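Asker: The structure that follows is given in the form of structure tokens.
Coordinate-derived values only; no laboratory data. On a predicted model such as this, the values are computed, not experimentally measured, just so you know. Here the Cβ is made from the backbone with ideal geometry for all residues, glycine too, and neighbour counts use every protein chain on show.
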Amino acid sequence: MLNKVCVLTVKVENLKKAIEFYTEVLDFKVYKHYGEKIATLVHDEIPIVLEEEGTNKSGEGQNVLLGILSEHIESDFNRLKSKGVKILFDEPKPCPPGRYIVIEDPSGNQIEILEFTN
């Protein structure tokens with residue numbers, strides 16, 4: 001079942017500036033760094049991930065990405081594919097917490113489907 005939100009990713013231009021804003025202005029704390037371009041913030045419920053993607057194209061694309069929990073990424077991948085859902089990868093890809101795929105809803109909004117293995 002793919003009906004549990006498990007992470008919220010905020011795409012940022014500059015991770016250092018984003019961390020300063022989220023910690024000094026909004027009072028979040030950094031939980032963990034995953035290399036130079038990804039960090040998670042301490043949050044009691046849904047983890048919030050800051051991911052540096054470089055220059056924002058002012059209004060193009062999406063800057064907040066919903067992550068939905070998958071218990072079995074392979075079977076969910078195959079089920080979504082059989083239903084004609086637009087999947088951006090040919091197979092699940094690795095990520096720091098496990099594996100993921102990205103799909104698009106009918107409006108073109110991207111949604112991550114994540115399986116936690118680490």
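Asker: Could you tell me which residue out of HIS72, ILE111, TYR22 lies farthest along the dipole of the chain toward its positive end? Charges go on the beta carbon: Lys and Arg +1, Asp and Glu -1, centred on the Cα centre.
Answerer: The one lying farthest along the dipole's positive direction is HIS72.
Asker: Cross-link partners among aspartates and glutamates for LYS83, C-alpha distance below 19 Å, same-chain residues fewer than 8 apart left out?
Answerer: GLU71, GLU74, GLU91, GLU104, ASP105, GLU112
Asker: Where does the longest stretch of the chain lie that holds no chymotrypsin sites (Phe, Trp or Tyr not before Pro) found in a DSSP loop with 14 or fewer other Cβ atoms within 10 Å? Write out the running numbers ahead of the final one.
Answerer: Working: sites that count: TYR34, PHE89.
Within the chain, the longest run free of exposed chymotrypsin sites (Phe, Trp or Tyr not before Pro) spans 35-88.
Asker: Another question, if that's okay. Under the Karplus relation 6.51 cos²θ - 1.76 cosθ + 1.60, θ = phi - 60°, what is the ordered set of whole-Hz ³J(HN,Hα) values for the range 46-53, x standing for Gly and Pro?
Answerer: Taking θ as phi minus 60°, the curve returns 8, x, 10, 10, 9, 10, 6, 10 Hz for the range 46-53.
Asker: Relative contact order of the range 32-95: what whole-number percent is it, with Cα pairs under 8 angstrom and at least 6 residues apart?
Answerer: Details: 31 pairs, mean separation 10.3, N = 64.
Computed value for the range 32-95: 16 percent relative contact order.
Asker: With only Lys, Arg, Asp and Glu charged, each at its Cβ (+1 for the first two, -1 for the last two), find how big the charge dipole of the chain is about the Cα centre; round to the nearest 20 debye. It would help to have the intermediate numbers written out before the result.
Answerer: Working: 14 positive and 20 negative charges, 36 e Å.
About 180 debye.
Asker: Go through the range 77-92 residue by residue and turn each phi into a ³J(HN,Hα) via Karplus (6.51, -1.76, 1.60, θ = phi - 60°); whole Hz please, and just put x for glycine and proline.
Answerer: Calculated HN-Hα couplings, in order: 4, 5, 5, 5, 4, 5, 8, x, 5, 6, 10, 7, 10, 7, 6, x Hz.
Asker: Another question, then. What three numbers, in Å, describe the spread of the alpha carbons of the range 5-116 along their principal axes, ordered from the longest?
Answerer: Cα extents, longest axis first: 46, 30, 22 Å.
Asker: In sequence order, what are the phi-derived ³J(HN,Hα) couplings for the range 108-118 according to the Karplus relation 6.51 cos²θ - 1.76 cosθ + 1.60 with θ = phi - 60°, rounded to whole Hz, with x for glycine and proline?
Answerer: Once rounded to whole Hz, the list reads x, 6, 8, 9, 8, 10, 10, 10, 7, 10, 9.
Asker: Moving on to the next point. Stretch LEU26-GLU91 to full length: gain in nm at 0.36 nm per residue minus the Cα-Cα span? Walk me through the intermediate numbers first.
Answerer: Numbers: separation 65, 0.36 × 65 = 23.40 nm, distance 3.71 nm.
Length gained, LEU26 through GLU91: 19.7 nm.
Asker: With r as the distance between the Cβ atoms of HIS33 and ARG79 and R0 = 35 Å, compute the FRET efficiency 1/(1 + (r/R0)^6) and round to 0.05. Please report the intermediate quantities before stating the final value.
Answerer: Details: r = 34 Å, r/R0 = 0.97.
For ARG79 and HIS33, the calculated efficiency is 0.55.
Asker: Just ILE103, ILE73, ILE46 to compare: in a GNM of the chain, with alpha carbon springs under 10 Å, which one fluctuates most?
Answerer: ILE46
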